[in-house]
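Notes follow the structure.
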Amino acid sequence: MSQNSKVLLAAIAGAAIGVIAGIMVAPASGKDTLDDLSKKAEELKDDLEDIAAKGRKSVREISDTVTDNLQKNINGLKKEVSRAKDS
C-alpha cells in the first residue's frame, strides 16, 4: 500500500470515527441514530471499495509494466546470446 493510500485510509477512518462520535452524542432518537450510523457505514464501505479498486488497478499497471520490461530484457539478452554464438 502506498503512502498516499495509507494517508487517505487514515483520513477516512478518522472522519468516520468523528461522525460516529458526533452522532452518538447528538440529541436524536435511537432509531434516527441507528439510521445515521447505517448511512455513514455504507458511505465508508463505498469509500473503502473505491480505494481497494484503485489499489488493484495500480497493482495491475505495475505488474504489466514489470512484465513488459522483463520481456524486453529477455528478448535483448536472447539477441546478444545469438550474436555471441554467431561470432
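Tabulated results
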quantity: Yes/no for ASP47 being of a type outside the set (A, V, I, L, M), part of a helix (DSSP H, G or I) and under 21 Å from the mean Cα position of the chain (by Cα); calculated: yes
quantity: In the stretch 1-36, the residues that are β-branched (Val, Ile, Thr) and loosely packed, with under 12 Cβ neighbours inside 10 Å; calculated: VAL7, ILE17, VAL25
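Bear in mind these aren't lab numbers, they're just calculated from the coordinates by the rules spelled out. Since the model is a prediction, treat every value here as computed from it, not as a measurement. A quick note on method: Cβ atoms are made from the backbone with ideal geometry, for glycine too, and the neighbour counts reach across all protein chains shown.
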